[in-house]
Ligand code: ADP
Ligand code: MG
């Protein structure tokens, strides 16, 4: 075990070394002592509270990346802080490194600078710990057309939990659009006005796991009793209840009880209730009792406002042209936008240069590189076929006409390069050919590139097209 944990940490250090300047590496990473590895959770010892805060504030994304690539997605990091006053009893803090797409962990550090409490400390379960992240408040939740209804419903609920007709309040929307942030805001606002209330935030995964454990340990009674004490229950990502019948049954029971006693229930989901497959009808119909509000993709103005506010919170000035450029370019979700801002700040500070349009473009280009691998086979087929004035069907057809064969081989080559499909699956997508045909195609393309400059040129052209569209 000891060995494992040293090896894991050494591997992390290798990755971290690539990402941070040498001096920063020596200052902040060399002093860390790996203590233990339990499952996917690594505990490291740091010399002081300040040291820990500094790491979280400045290097959480670096740590996250290193841990995720060494231990895997869902890796956890625990800190054991050497307490200065010689107190030996220091229970480790547990920070749950987010395992979804970029940014979520980073932004905590970001928001934290302003709020002073950036950390969502998991696993410290005092009986009535709300598990709320203080950094997620209405103050930091920027309003726009995309979220107005959900935000004001949330605000109304927060002011009068259990009393409005918005009970339950169900908030849904795609990934990174602010569901978790909004429901924490509701919880924090309730706590602010009514500190004696027991507000509880729980992800549905955690609820499921707790329930499974309770069943195993014969503790279902106390599990239920615990939840029945709650005054405002916030349960995030209920789509994960799909197909978990026993958990649903338990939740149904808790839900009814709380609702009947006038307690507030807030839920989120990544899709509207009607699309929640694998959820029992009776549970679904409960979800429809209150209000359902959705979060949408942020519009341009909201994206601008978000960039401004986040940068201001960091105390960083961002030129107007950069702000506009980013707001135009990153139009998917807010988490992604935050990820880009973090990279921008990191690059600017590590390389001691100002944030300008050139840097922003450079960073976007790197991100485009990451996205590149997500091009689909269909898309590759269409792009390659267009280029050769053919149709995608030609590439799948049986024909052995020379120009079609070449186009087909090129498309197979890109499918191998740019997607995660196996050779077998690629063959399947090209009219049910077998994997040896794909190997042959890749080989043929490589050979041709070696000897034919025109062909190389063709490939570069195509590569550019695939990259640009993928962005
Ligand atoms: P979801 O739970 O919908 O996947 P999150 O609540 O985790 O999304 O939001 C992703 C990130 O974007 C978070 O860091 C959050 O603070 C930020 N964010 C989302 N919506 C807003 C908003 N309206 N104003 C400011 N930050 C936002
Ligand atoms: Mg969420």
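The values are calculated or read from the model by the stated rules, or taken from the named source; none is laboratory data. Remember, it's a predicted structure, so these values are computed and weren't measured experimentally. In this analysis, Cβ positions are derived from the backbone assuming ideal geometry, glycine residues included, and neighbour counts consider all displayed protein chains.
Within the set 111, 24, 66, the sole residue that is in a helix (DSSP H, G or I), at pLDDT below 70 and either at negative phi or buried (at least 18 other Cβ atoms within 10 Å of the Cβ) (or both) turns out to be 111. Assess whether residue 223 counts as being outside any loop (DSSP other than H, G, I, E, B), away from ligand 1 (no atom under 16 Å from the Cβ), at pLDDT below 95 and surrounded by 18 or more Cβ atoms within 10 Å (Cβ to Cβ). Yes. List every residue pair whose Cβ atoms sit under 6 Å apart, with the two residues 6 or more apart in sequence or on different chains, where the first one lies in the stretch 39-55 and is over 16 Å from residue 76 (Cβ atoms) and the second, anywhere, is at pLDDT 80 or above. Partner pairs satisfying both residue conditions: 47/31.
When the stretch 172-196 is limited to residues that are over 14 Å from residue 131 (Cβ atoms) and more than 16 Å from ligand 2 (Cβ to nearest atom), the one that is nearest to the chain's Cα centre (by Cα) turns out to be 189.
For residue 291, the conditions (1) assigned by TED's automatic domain parsing to the domain that holds residue 171; (2) within 24 Å of the chain's Cα centre (by Cα) are fulfilled apart from (2).
Restricted to the stretch 231-242, and to residues there that are more than 10 Å from residue 205 (Cα to Cα) and crowded, with 21+ Cβ neighbours inside 10 Å, the residue that is nearest to ligand 2 (Cβ to nearest atom) is 234. Does residue 312 count as free of Cβ contacts under 8 Å to residues at least 12 places away in the same chain and not assigned by TED's automatic domain parsing to the domain that holds residue 187? When the stated conditions are applied, residue 312 passes them.
Regarding residue 235, is this residue in contact with a strand residue (DSSP E or B) (Cβ under 7 Å, 6 or more places away or on another chain) and without any contact (Cβ under 8 Å) to a residue 60 or more places away in the chain? The answer is yes for residue 235.
Among the residues making up the stretch 253-294, those that are farther than 22 Å from residue 162 by Cα and either within 13 Å of ligand 1 (Cβ to nearest atom) or part of a helix (DSSP H, G or I) (or both) are 270, 271, 274, 275, 281.
Does residue 211 satisfy the criteria of being part of a helix (DSSP H, G or I) and assigned by TED's automatic domain parsing to the domain that holds residue 275? Against the criterion (part of a helix (DSSP H, G or I) and assigned by TED's automatic domain parsing to the domain that holds residue 275), residue 211 qualifies. In the stretch 177-199, of all residues being assigned to a loop (DSSP other than H, G, I, E, B) and surrounded by 24 or more Cβ atoms within 10 Å (Cβ to Cβ), the one that is farthest from ligand 1 (Cβ to nearest atom) corresponds to 177.
Condition check ((1) under 26 Å from the mean Cα position of the chain (by Cα); (2) at pLDDT below 75; (3) more than 16 Å from ligand 2 (Cβ to nearest atom)) across all residues:
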position	(1), (2), (3)
35	no, no, yes
38	yes, no, yes
49	no, yes, yes
54	yes, no, yes
59	yes, no, yes
79	yes, no, yes
84	no, yes, yes
96	yes, yes, no
101	yes, yes, no
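The set of residues in the stretch 160-173 being surrounded by fewer than 17 Cβ atoms within 10 Å (Cβ to Cβ) and either more than 16 Å from residue 293 (Cβ to Cβ) or within 7 Å of ligand 1 (Cβ to nearest atom) (or both) consists of 160, 163.
For the stretch 257-278, filtered to residues that are more than 27 Å from residue 334 (Cβ to Cβ) and in contact (Cβ under 8 Å) with a residue 12 or more places away in the chain, the residue that is nearest to ligand 2 (Cβ to nearest atom) is 278. Looking across the stretch 300-355, just one residue is farther than 21 Å from residue 135 by Cα and within 16 Å of ligand 2 (Cβ to nearest atom), and that is 332. Selection of helices (runs of 4 or more DSSP H) fully inside the stretch 379-471 by the criterion of at least 3 residues being within 29 Å of residue 365 (Cβ to Cβ) and in contact with a helix residue (DSSP H, G or I) (Cβ under 7 Å, 6 or more places away or on another chain) returns 402-418, 435-451, 453-470.
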